[in-house]
Every structure is written in structure tokens, then in C-alpha cells.
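No lab work stands behind these numbers, since they all come straight from the coordinates. Predicted, not measured: the structure shown is a model, and the values here were computed from it. Every residue, glycine among them, receives a Cβ derived from its backbone with ideal geometry; neighbour counts consider all protein chains shown.
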Amino acid sequence: MASKPRIEEIIVVEGKDDTRRLQEVFDVDTIETIGSAIDEGILDQIELAQETRGVIVFTDPDFSGEKIRKIIMEAVPDAKHAFLPRSQAAPKGKGSLGVEHASHQALKEALQKVVTPMTAAEASEGPSIDRQLLLAFGLIAGAGAKEKRERLGDILRIGYTNGKQLEKRLAMFRITEAEFAAAMKIVEDEQ
């Protein structure tokens, strides 16, 4: 039997089912947040892990997962992030979206495309996608805006955002105008 690929960084997940799923595919260590109410002890573990081995935040593509990601980004701004499209995190039956439902292939793709956000200061200095452009593409308001943002987030691997978060998330993950335009072409061609 082939050995599993080793991931150097420690992956931050929400719970033991996510850990179990990742360990089916990878030789990996995880820190479990055990829900969206992350306590100081877990944040301390994540900070230490970042200093020693590096961290990849890999939370569910839902409201709680985004809340956890935001808390970690404030405490550990240089942590890496992996995103799973909502469509690849859906359970086969009933239940909520989760990393634990993703196929082995989806997990491999998400972890091959890890991104490191810029700090808020770096983001404000660098080139950003203009809000007017986001409006022009119908990403902030109007019919189908939510669906377009969701598909854009999947294509760019930056996760789902609401209209207010989109501009900031594009800047944080260093999305260029060319990358944005190419992704929007795909979104529009699919509609």
C-alpha cells in the first residue's frame, strides 16, 4: 500500500470527523476548534503551531466555519488557508456542510491550492479590485449576486463571502484584476 502524503503544517479543523477524514488521505496532525466558540487555549495552540510548523486553516464552508476562520485570522494573520467549495462539502444525505463529507480528491485539490492572506496593512497598499467593478459584475447587489459570489469564491479558492466581505477577501488573497476577470468570465459563461 502506498504511503500517504505528509503535510508539514498542522491543519486547523472544526472537529474529530474532519480530522478522521483528513487522516484517511494524508499523514497529518490537526488542531480541532470544537465548534465556533474558540477559547484562548485553542488559539494559543494555533499560535504555537504557526511558530513551529505552520498552520493551514481548513474549516467548513458555512457561517460557523467563516466565523472560526475570521477569529484565527485576527490571532494568527500569517496562517495559510485552504477552501472547499460548498458543493464539495455537502453530505450525501441530510446534515450540514463539512470537510468530513468531501471526497479524497476534493481534499487533495483544496490542500494543493493553499493561500496566505496579506495583512490589512499590505492589502491597503497593494492593488485591489475596485468596488465599482464588483457592482458592474453584479456581485454586490441584484438578482443572482449571491450565486455569482459563491461561484467566484469556488473558482478563486477564497471561500464564500457576502457583498461587504468580497472586496476585502479579494485584496487579502492577492487576487489580481487579470485573475478576477478570468474567473468572472467562467462565472458568466456558466450562466
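Note down the net charge around R69, summing +1 for each Lys or Arg and -1 for each Asp or Glu among other residues with Cβ under 15 Å from its Cβ.
-1
Once you have the Cα-Cα distance between E32 and A181, take 0.36 nm times their residue separation minus that, and quote the gain in nm to one decimal.
Full-extension gain reported as 50.0 nm.
What number do you get for region 95-191 when its Cα radius of gyration is normalised by 2.2 N^0.38 Å, N = residues?
1.12
Can you tally the net charge around D60? Count Lys and Arg as +1, Asp and Glu as -1, for every other residue whose Cβ sits under 11 Å from the Cβ of D60.
Here the count lands on -3.
Farthest toward the dipole's positive end in region 10-117, which of S87, L22, T59, given Cβ charges of +1 (Lys, Arg) and -1 (Asp, Glu) about the Cα centre?
S87
Tell me, in nm to one decimal, what length is gained between K94 and D189 on full extension, where the rule is 0.36 nm per residue of separation less the Cα-Cα distance?
Numbers: separation 95, 0.36 × 95 = 34.20 nm, distance 3.11 nm.
Working it through step by step, the gained length comes to 31.1 nm.
Peptides 97-106, 38-47: what's the order by average Cβ count within 10 Å, highest mean first?
Ranked by mean Cβ neighbours within 10 Å, highest first: 97-106, 38-47.
Got a sec? Which residues in region 89-110 would a label at K67 touch, if it sits 7 Å along Cα→Cβ and we count backbone N under 17 Å?
96-99
Cα axis of helix 145-156 to longest principal axis of the chain: angle in degrees, 0 to 90, nearest 10?
60
Give me the angle, in degrees from 0 to 90, between the Cα long axis of helix 40-52 and the longest principal axis of the Cα atoms of the chain, rounded to the nearest 10.
Helix 40-52 sits at roughly 90 degrees to that axis.
Compute the angle between helix 16-25 and the longest alpha-carbon principal axis of the chain, please, reported from 0 to 90 degrees and rounded to the nearest 10.
Taking the Cα atoms of the chain, the angle to 16-25 is about 90 degrees.
Return a whole-number percent for the relative contact order of region 10-117, with Cα pairs under 8 Å and 6 or more residues apart as the contact set.
Details: 173 pairs, mean separation 29.2, N = 108.
After rounding, I find 27 percent.
Taking the Cα centre of region 122-186 as origin, sum charge times position over the Cβ atoms of Lys and Arg (+1) and Asp and Glu (-1), and report the length of that vector in debye to the nearest 20.
240
Mind giving me the nanometre distance, one decimal, between the label points for A143 and H104, set 7 Å out from Cα along Cα→Cβ?
4.4
Largest first and in whole Å, what are the equivalent-ellipsoid semi-axes of region 10-117 based on the Cα gyration tensor, each being the root of 5 times an eigenvalue? Walk me through the numbers on the way to the answer.
Working: eigenvalues 86, 44, 31 Å².
The three semi-axes for region 10-117 are 21, 15, 12 Å.
Rounding to the nearest 20 debye, state how big the charge dipole of the chain is about its Cα centre with +1 on each Lys and Arg Cβ and -1 on each Asp and Glu Cβ.
About 620 debye.
Taking 0.36 nm per residue of separation and subtracting the Cα-Cα distance, what length does fully extending Q112 through D78 add? Don't skip to the answer; put the middle values down first.
Working: separation 34, 0.36 × 34 = 12.24 nm, distance 1.76 nm.
Length gained between Q112 and D78: 10.5 nm.
Starting from the 7 Å offset along Cα-to-Cβ, what nm value, one decimal, do you get for the label separation of D44 and K16?
Label-label distance for D44 and K16, simple model: 2.4 nm.
Give me the net charge for the shell around A183: Cβ to Cβ below 15 angstrom, other residues only, Lys and Arg +1, Asp and Glu -1.
Summing Lys/Arg as +1 and Asp/Glu as -1 gives -1.
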